[in-house]
Amino acid sequence: MSEIFILVPGRSSQQGCGINEGKFNETYVNATSFVQMNPNDMLRLGIEDEEKIELKSDFGRIEIAVRKAKADELPVGLLFMAYGDLSSRLMGGDTHGSGMPTSKGLDVEVKKI
Amino acid sequence: MATAEPEKAELKIVNDATCTFCGCVCDDIQLTVDGHKITKAKKACVLGTSWFLNHEIEDRAPCFIKGQPASVEAGIKEAARILYEARYPLIYGLSDTTVESQRVAVSIADWIGSNLDTTTSVCHGPSGMAFQSAGESTCSLGEVKNRADMVMFWGSNPAESHPRHFTKYSLMPKGMYVPNGRKDRTCVMVDVRKTKSAKAADIFIQIKPRKDFEALWTLRALANDIELDPEQVERETGNPLSLWQDLMDRMKACKYGVIFFGMGLTMTRGKHANSEGILSLTRDMNRHTRFACKPNRGHGNVTGADNVVTWRTGYPFGVNLGRGYPRFNPGEYTASDVLARGEADAAMIIASDPMANFSQPAREHLKTIPYVALDPKETPTTKHAAVSFTVATYGINVPGTVYRMDDVPIPLRTAFDSPLPSDLKILQGIEKEVLALRSAAFAS
């Protein structure tokens, strides 16, 4: 079973600190290796905290752990993850004449593995 | 015979050091330096503390050619050769280095007829385009501190990206016309998710994802007393017209409003049209009261990159110098496009990490071409470079100038010397070699 969500990659404090420690260090790798989801979405889809799911966009596919977002942090249907290698894999190369690839608000298919 | 204890280096205090991690460029940091290590960074935020405490002298060779340690001189020669021999080179990055280095990088781009782009193109590049179409009602952060009684944030999460924004510039400080600081200000936050910054807001408005354009034009209509269909507004923005009307009434009633906006606008559907919407709204508001609008800039000297590239070429980013004169066309000459379309045949990446941040097609192509990378730390980009330089860190080991997000230039004070070369020295060396190759080619 799969469902379409909107993914918003963005900055996080932990990711920012991780950049300073080094991109191959634990802090950065951890900060960029999970996606947050609304608890009601997790309940509906039967996804447990830290369970790995598949995220697929028109441009790429990743497997990533899910973490429960605080109740009101994310609305139903929206996902958040820190910018990094994994989020970049879901971005397309076309910038629509702007120089900026669409990096937020990506349609992604969520699938339990 | 007793061995003498090694003499402990005296602790050094550096006052008014400048943090170059983010665009706030806080220049009031007190550093405690123990030899080649900063042990305390007083007044710095969580990101600033991490910046200062994690930039020691890297235990890496200053130069690698094809992954093998090499001399800096050999690296400079090889870098110059790669760039000079390329038919469609790209010079990219520049947002985490000094204005002095940026100037030299632009010169190299000019000599070799390169595409020249900065991380602005994947940050506030769309806003740079919108400035040209809508103009910018701007102000300094000092004006915000002293005057702003209404502070709005749209698609921006300063609590995590610019942690001292609220306390140093925009919300908490007591200013000339806002003597009670936070109590004299109304803070409005508009975002698609309830970020950590939302706690700081008096009013938080959660809009539908990818509907910033519609929300901004709703406000534009209200600023211009245009009648709207309440059902359509609620359907498009996720919020009732009455909420937008209430916000507009507050905006009109304030004495000095400012809107800070982030990549929530520029990276999502609409991009430069979103930025144009927010800049135009600000312009509209100036018919009612004083309003200004500022992009919250991410990297420490990304604003300097915009300034330097504009001084030198007339355009802020996405410039092509291949014909001997500058041409500006985002989408054509911007790094992400030039790489994703497989056009660039060589590159020089300065203080940025496209191998981690760019789209997959762009990264795939970058891997296939020879490129030069300059960075204080090992990154996915330096790892794949034909020539990489480990350079000293600006603002910690290297002096110079950076531009704060409001275009105010700030000098850097160093904490300790590094045995590693600065990127300025490397770039000057590459420019000299490129000129020598040009001269030799003309002579023959």
What is the mean projected area of the alpha carbon convex hull for the stretch B:284-417, to one decimal in square nanometres? 10.9 nm²
For peptide B:188-201, how many partner chain Cβ atoms fall within 10 Å of a residue's Cβ, on average? 3
Estimated 222 nm signal from helices in chain B, with DSSP H stretches of n ≥ 4 weighted -39500 (n - 2.57), rounded to 500: -10500 deg cm²/dmol
Alpha carbon convex hull of the stretch B:234-311, volume per residue in cubic angstrom: 122 Å³
Let me know the volume per residue of the alpha-carbon convex hull for the stretch B:57-169, in Å³. 194 Å³
Cut-off 10 angstrom, C-alpha nodes, Gaussian network model of chain B. Which of B:Pro158, B:Pro380, B:Pro399 fluctuates the most? B:Pro380
Which ³J(HN,Hα) values, rounded to whole Hz and listed in residue order, are derived for the stretch B:356-366 from phi using the Karplus coefficients 6.51, -1.76 and 1.60 in 6.51 cos²θ - 1.76 cosθ + 1.60 with θ = phi - 60°, glycine and proline given as x? 9, 10, 7, 5, 4, x, 5, 5, 4, 6, 4
5 Å binning of all Cα-Cα separations within the stretch A:2-92, expressed as whole percents from 0 upward: 3, 14, 25, 25, 19, 10, 3, 0
What net charge is computed for the residues neighbouring A:Leu55, neighbours being all others with C-beta under 14 Å from the C-beta of A:Leu55, Lys and Arg scored +1, Asp and Glu -1? -2
Please return the longest range in chain B lying between exposed loop sites, taking trypsin sites (Lys or Arg not before Pro), DSSP loop only, at most 10 other beta-carbon atoms within 10 Å, and leaving the sites out. B:88-286
Check B:Gly400: other-chain or 5+ apart residues with amide H under 5 Å from its amide H, H built from backbone geometry? B:Leu412
Any aspartates and glutamates whose Cα falls less than 16 Å from that of B:Lys383, other than same-chain ones fewer than 8 residues away, would be A:Asp85, B:Glu58, B:Asp59, B:Asp353, B:Glu364, B:Asp375
Equivalent ellipsoid dimensions for chain B as semi-axes, Å, which come from the Cα gyration tensor, largest first: 41, 29, 17
With Rh as the Kirkwood radius over Cα pairs, the stretch B:50-99 has Rg/Rh of 1.06
Listed residue pairs exceeding 19 Å between alpha carbons, taken from A:Lys70/B:Lys183; B:Lys255/B:Lys294; B:Lys208/B:Lys255; B:Lys168/B:Lys199; B:Lys367/B:Lys425; A:Lys70/B:Lys194: A:Lys70/B:Lys183; B:Lys208/B:Lys255; B:Lys367/B:Lys425
Where does the Debye-calculated log10 I(q)/I(0) of the stretch B:356-429 sit at q = 0.13, 0.15, 0.20 Å⁻¹, using only Cα point scatterers of equal weight, no solvent? -0.52, -0.66, -0.93
q = 0.08, 0.11, 0.13 Å⁻¹, the protein assembly as shown: log10 I(q)/I(0) [Debye, one scatterer per Cα]: -0.53, -1.00, -1.37
Can you report the principal axis dimensions of the stretch B:155-200 using only the alpha carbons, biggest first, rounded to whole angstrom? 33, 17, 14
Across every pair of different alpha-carbon atoms, what Kirkwood hydrodynamic radius in Å does the stretch B:139-295 reach? 15.5 Å
In the neighborhood of B:Ser107, defined by Cβ-to-Cβ distances under 15 Å, what is the net charge if each Lys or Arg adds +1 and each Asp or Glu adds -1? 0
Can you give the Rg to Rh ratio of the stretch B:224-371, both from alpha-carbon atoms, with Rh computed by the Kirkwood formula? 1.08
Any idea what the alpha-carbon Rg over 2.2 N^0.38 Å comes to for the stretch B:401-444? 1.81
tail above 15 Å in the computed P(r) of the stretch A:42-113, as % of all Cα-Cα pairs, reads 57 percent
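Values in this text are rule-based calculations from the coordinates and carry no lab data. In this text, all values refer to a predicted model and were calculated from it rather than measured experimentally. Note that we place each Cβ from the backbone using ideal geometry, even for glycine, and neighbour counts take in every protein chain shown.
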